[in-house]
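**Q** What follows is a single structure, and I will ask about it in a moment.
The values are calculated or read from the model by the stated rules, or taken from the named source; none is laboratory data. Keep in mind that this is a model prediction, so the values were computed, not measured. When we count neighbours, we look across all protein chains shown, and the Cβ atoms used for this are built from the backbone with ideal geometry, even at glycine.
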């Protein structure tokens, strides 16, 4: 029987959950290097939970420099089955003001300087990303958000830009023409790698400001963003506690993530070297050992 374990990946402004008093900080190594920081292991309401700040505690890792592969591999080593990403984003729509949460269900990946797959050497795999987030986990997030009476939107498209600079006005208007909802710098390739690792994934975007298309936000001010971030983080921490208690009741045994590698690996068995299979053991050992 699978033991379901939840991990929270915290973005800008969310570097710890101080309410977790039962704490152990874990140092992990992966074939891809070190994760962003020590991973916090805690037990909350008799549930084993993990927390990882993707920018590191103190926010010292640029979006492009985040070791996404190490982050996902490390969480997989710990037996994590479900990841909820919490990210700060800019709004591309008038009805998504600062302070509102969006439960994202789609992404447009505009990044270009990142390693985006575990399967880049000898063993090739193509996983489906048509529906990149887990519907069951999204349901759990929605229930947790409602319990805190947080203003939110269910479903939305997140544009992932390379950064670390914010958009030009032309880019911002282009993304609005695509009917995207929010813009950020971190959920890709995170969502793709979670899918390759067969970890269910959901994304909650916390709006901090309007992107520069809005005449009142042409010059994004980091200090103003931080002020909203702190308020959002307080709401997010309460939401996380609700999520820990409810996520297992929403798990879909037929979620396409659960066994997606069964139909993804295209490389002939005789071409799969032991060296590469060992490197991929945490991520794909279930299928490569057959």
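**Q** Name the residue, out of 99, 56, that is modelled with pLDDT of 95 or more, surrounded by fewer than 22 Cβ atoms within 10 Å (Cβ to Cβ) and on the phi > 0 side of the Ramachandran plot.
**A** Values: 99 fails: modelled with pLDDT of 95 or more.
Going through 99, 56 in turn, just one is modelled with pLDDT of 95 or more, surrounded by fewer than 22 Cβ atoms within 10 Å (Cβ to Cβ) and on the phi > 0 side of the Ramachandran plot: 56.
**Q** On to the next question. Do we have any residue at all in region 104-126 that's farther than 20 Å from residue 64 by Cα, modelled with pLDDT of 95 or more, crowded, with 22+ Cβ neighbours inside 10 Å and touching a helix residue (DSSP H, G or I) at 6+ places or on another chain (Cβ under 9 Å)?
**A** Yes.
**Q** Something else now. Answer yes if at least one residue in region 134-149 is in contact with a helix residue (DSSP H, G or I) (Cβ under 6 Å, 6 or more places away or on another chain), surrounded by fewer than 15 Cβ atoms within 10 Å (Cβ to Cβ), touching a residue at least 12 places away in the same chain (Cβ under 8 Å) and in a loop (DSSP other than H, G, I, E, B), and no otherwise. Give the steps one after another, and end with the answer.
**A** Initial filter on region 134-149 (in contact with a helix residue (DSSP H, G or I) (Cβ under 6 Å, 6 or more places away or on another chain)): 136, 139-140, 143-145, 147-148.
Then drop every residue that is not surrounded by fewer than 15 Cβ atoms within 10 Å (Cβ to Cβ), which leaves none.
The answer is no; no qualifying residue exists.
**Q** Which residues, counting only those in region 232-257, are part of a loop (DSSP other than H, G, I, E, B) and within 17 Å of the chain's Cα centre (by Cα)? Steps first, please.
**A** Within region 232-257, the subset part of a loop (DSSP other than H, G, I, E, B) is 251-257.
Passing the criteria: only 257.
**Q** Here is a follow-up. Restricting attention to region 154-175, which residues are in contact (Cβ under 8 Å) with a residue 12 or more places away in the chain and over 18 Å from residue 11 (Cβ atoms)?
**A** Of the residues in region 154-175, the ones in contact (Cβ under 8 Å) with a residue 12 or more places away in the chain are 154-164, 166-169, 172-173, 175.
Within region 154-175, 154, 155, 168, 169, 172, 173, 175 qualify.
**Q** Here's a follow-up. Please verify whether residue 83 is in a strand (DSSP E or B) and crowded, with 24+ Cβ neighbours inside 10 Å, treating the condition exactly as stated. Outline the logic, then answer.
**A** Values: in a strand (DSSP E or B): yes; crowded, with 24+ Cβ neighbours inside 10 Å: yes.
For residue 83, the condition - in a strand (DSSP E or B) and crowded, with 24+ Cβ neighbours inside 10 Å - is met.
**Q** Could you tell me whether any residue of region 213-230 is over 15 Å from residue 200 (Cα atoms), touching a helix residue (DSSP H, G or I) at 6+ places or on another chain (Cβ under 6 Å), part of a loop (DSSP other than H, G, I, E, B) and at pLDDT 85 or above? Can you show your working first?
**A** Our first condition is that a residue be over 15 Å from residue 200 (Cα atoms); within region 213-230, this holds for 213-230.
Of the ones still in play, those that are also touching a helix residue (DSSP H, G or I) at 6+ places or on another chain (Cβ under 6 Å) are 213.
Adding the requirement that they be part of a loop (DSSP other than H, G, I, E, B) leaves 213.
Subset that is at pLDDT 85 or above: 213.
Yes, the conditions are met somewhere in region 213-230.
**Q** Something else about it: How many residues are in contact with a strand residue (DSSP E or B) (Cβ under 9 Å, 6 or more places away or on another chain), outside any strand (DSSP E or B) and free of Cβ contacts under 8 Å to residues at least 40 places away in the same chain when one looks only at region 1-34?
**A** Keep residues of region 1-34 that are in contact with a strand residue (DSSP E or B) (Cβ under 9 Å, 6 or more places away or on another chain), which gives 3-17, 19-28.
Then drop every residue that is not outside any strand (DSSP E or B), which leaves 3-5, 11-17, 19-22, 27-28.
Retained after the next criterion (residues that are free of Cβ contacts under 8 Å to residues at least 40 places away in the same chain): 20-22, 27.
Number satisfying all stated conditions: 4.
**Q** Same structure, new question: For region 264-281, enumerate the residues that are surrounded by 13 or more Cβ atoms within 10 Å (Cβ to Cβ) and assigned to a helix (DSSP H, G or I).
**A** 276, 277, 279, 281
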